[in-house]
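A.B. asks: Below you will find the structure I want to go over with you.
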Amino acid sequence: MAQKPSIPKGTRDFSSVEVAKREYIINTIKTNFKRFGFQPIETPSFEKSSTLLGKYGEEGDRLIFKILNSGDYLKKANDEDLSNKDSAKVSSSIAQKALKYDLTVPFARYVVQHQHGLVFPFKRYQIQPVWRADRPQKGRFREFVQCDADVIGSDSLWQEVDFIQLYDQVFKGLKLDGVTIKMNNRKILSGFAEVIGEQDKLIDFTVALDKLDKIGEQGVKDEMLEKGISTEALQKIQPIFSLSGDFNEKIKQLKSILSSSEIGLKGIEELEFLNNALSDYQFKSSTLDLDVTLARGLNYYTGAIFEVAAPNQVKLGSIGGGGRYDDLTGIFGLKNMSGVGISFGLDRIYLVLEELNLFPETLKTSTDLLCLNFGFEESKYMMRAINRLRLAGVNVELYPDQAKFKKQMQYAEKRHINHVLIAGESEMAEDKFSLKNLATGDQNNLTLDELLNIFKP
């Protein structure tokens, strides 16, 4: 009995319609990346395991897909490690390559490796697949495409200003209104920890704070208490749970909370710079919001932190995020190279556009015109039109078989091709073609030049 075909969990096949929709999103993002001056690069699908491991924390390391060495991969494995079932040690000897977990660490490796050939600040974008051994769920897959843009080699806050506008322009291009660009600063979070005297528990504090929208205020406090943060400390930062108002009003409240923290006040200064720099910018599809509970990738970021929320009517996680990192390339030996970057969540943006019915109708078809086949001479005559139309940039195809008229028409309808071209004895005698619009039922006899005028892009 033949094996039933299937694919691994967390991966997907894409139909031609789905591919067209994904390309629509990617092309919109790519167009804006270029408009803002970013240059494309690509890195391999897999890297050395040593490049990736240890860069994402313990949880991230567990989610990295490792690739077995070629040939007899157990040959170099230590017998004692095998008998002790020490997976970490065995893995390092039998799997020296791994699928990339994200685009940022390979980008840091790329910058260090090619530093003498790059012009700094270096602005790059990448749109490539990555892999994570995560638990699949809605909007989360084991194989997915990341769309990243980064600037490295500059600590200017004007880069952050650019990224906020880039987010807004992309969502405007996708006609996705109601998006919220949430902002925070790592220095604000450090300031909170300093004010409550818990600098050594900064990670525990912010990891719990980042869960506010999932487990609520009391849940966050309970987790902080479990991590050893005192009740007195929590009372000192109680005001952060009730920050309200617009960006400026939240800044004023923060100044009061962080008045005794030098690093916290530095974070406020950076946020004020961004807010003032954007005061004349007219947001097209987004709103900018200061969210002091935002702490994504704490070990990673050192300044601004971004997260993009979908419109309120769509119940989905973030559809983008990023932030400032001061020494990412330092892990590969290149110190003092500040950078900042953002990412677009292609798959989640797809789900949002689908739910809100925002994909253009024109994406449903890739062929503009189907030419019917009534025999060899008719098809040869039809090829005159096909070749001219293709040269003019029209997507056109000939039905390959001399089938019944009804079957060819059904094929066009199932393929969502709105126009068919007919050439029989009468059309050939007049040196014309008959164009039928399947949506309206209209049919007209046209010369080749008239046909070209109708379909000319």
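A.B. asks: Before we move on, is residue 436 free of Cβ contacts under 8 Å to residues at least 24 places away in the same chain, out of contact with any Phe, Trp or Tyr (no Cβ under 6 Å at 6 or more places or on another chain) and surrounded by 14 or more Cβ atoms within 10 Å (Cβ to Cβ)?
C.D. replies: Criteria met by residue 436.
A.B. asks: Could you list, in sequence order, all residues of region 84-135 that are at pLDDT 85 or above, within 18 Å of residue 59 (Cα to Cα), out of contact with any Leu (no Cβ under 8 Å at 6 or more places or on another chain) and not in a loop (DSSP other than H, G, I, E, B)?
C.D. replies: Matches in region 84-135: 99 only.
A.B. asks: Can you tell me which of 407, 414, 380 is more than 26 Å from residue 15 (Cβ to Cβ), among the basic types (Lys, Arg) and open to solvent by 70 Å² or more (accessible area, probe 1.4 Å)?
C.D. replies: 380
A.B. asks: May I ask you to list the residues in region 191-231 that are touching a residue at least 24 places away in the same chain (Cβ under 8 Å), in contact with a Gly (Cβ under 9 Å, 6 or more places away or on another chain), open to solvent by 20 Å² or more (accessible area, probe 1.4 Å) and under 26 Å from residue 275 (Cα atoms)?
C.D. replies: Matches in region 191-231: 194, 195, 212.
A.B. asks: Give me a count of the residues in region 428-445 that are farther than 14 Å from residue 369 by Cβ, assigned to a loop (DSSP other than H, G, I, E, B) and not polar (S, T, N, Q).
C.D. replies: The total comes to 4.
A.B. asks: Evaluate the following for residue 369: is it more than 23 Å from residue 38 (Cβ to Cβ), of a type outside the set (D, E, K, R) and surrounded by fewer than 20 Cβ atoms within 10 Å (Cβ to Cβ)?
C.D. replies: In short, no.
A.B. asks: Considering only residues that are closer than 16 Å to residue 195 by Cβ and aliphatic (A, V, I, L, M), which ones fall in region 213-250?
C.D. replies: Those that are closer than 16 Å to residue 195 by Cβ and aliphatic (A, V, I, L, M): 224, 229, 233, 234, 237, 240, 243.
A.B. asks: A further question on this structure: Note down all Cβ pairs under 8 Å where the first residue falls in region 102-128 and is within 20 Å of residue 344 (Cβ to Cβ) and in contact (Cβ under 8 Å) with a residue 24 or more places away in the chain, the second is hydroxyl-bearing (Ser, Thr, Tyr) and part of a helix (DSSP H, G or I), and they're at least six residues apart or on different chains.
C.D. replies: Pairs found: 105/51; 106/51; 108/329.
A.B. asks: Mind listing whichever residues of region 1-17 are free of Cβ contacts under 8 Å to residues at least 40 places away in the same chain and touching a helix residue (DSSP H, G or I) at 6+ places or on another chain (Cβ under 9 Å)?
C.D. replies: 14
A.B. asks: Return yes or no: is residue 67 aliphatic (A, V, I, L, M) and within 26 Å of residue 354 (Cβ to Cβ)?
C.D. replies: no
A.B. asks: For region 217-232, indicate whether the set of residues that are at pLDDT 80 or above, closer than 23 Å to residue 164 by Cβ and in contact with a Lys or Arg (Cβ under 8 Å, 6 or more places away or on another chain) is non-empty.
C.D. replies: no
A.B. asks: Specify the residue that is modelled with the lowest pLDDT; the eligible residues are those in region 37-83 that are open to solvent by less than 50 Å² (accessible area, probe 1.4 Å) and farther than 30 Å from residue 301 by Cβ.
C.D. replies: Here the answer is 81.
A.B. asks: Could you tell me whether residue 172 is in contact with a Ser or Thr (Cβ under 8 Å, 6 or more places away or on another chain) and modelled with pLDDT of 95 or more?
C.D. replies: It is true that residue 172 is in contact with a Ser or Thr (Cβ under 8 Å, 6 or more places away or on another chain) and modelled with pLDDT of 95 or more.
A.B. asks: Further question: Within region 145-178, which residues are open to solvent by 30 Å² or more (accessible area, probe 1.4 Å) and among the charged types (D, E, K, R)?
C.D. replies: Of everything in region 145-178, those that are open to solvent by 30 Å² or more (accessible area, probe 1.4 Å) and among the charged types (D, E, K, R) turn out to be 155, 162, 172, 175, 177.
A.B. asks: Here is a follow-up. Every residue in region 136-160 that is assigned to a strand (DSSP E or B) and of a type in the set (Gly, Ala, Ser), please.
C.D. replies: Across region 136-160, the qualifying residue is only 149.
A.B. asks: Continuing with the same structure: Would you pick out the residues in region 103-129 that are within 13 Å of the chain's Cα centre (by Cα) and either crowded, with 20+ Cβ neighbours inside 10 Å or over 30 Å from residue 71 (Cα atoms) (or both)?
C.D. replies: Result: 103, 104, 125, 126, 127.
A.B. asks: Do you know which residues across region 359-369 are assigned to a loop (DSSP other than H, G, I, E, B) and either out of contact with any Ser or Thr (no Cβ under 8 Å at 6 or more places or on another chain) or β-branched (Val, Ile, Thr) (or both)?
C.D. replies: Listed by number, the residues that qualify are 359, 360, 365, 367, 368.
The values are calculated or read from the model by the stated rules, or taken from the named source; none is laboratory data. Predicted model only: the values in this text are computed from it and were never measured. Reconstructed Cβ throughout: ideal geometry from the backbone, glycine too, with neighbour counts over all protein chains shown. Just so you know, the surface numbers come from the protein's heavy atoms only, side chains and all, with ligands and any DNA or RNA stripped out. Shrake-Rupley method; radii C 1.70, N 1.55, O 1.52, S 1.80 Å.
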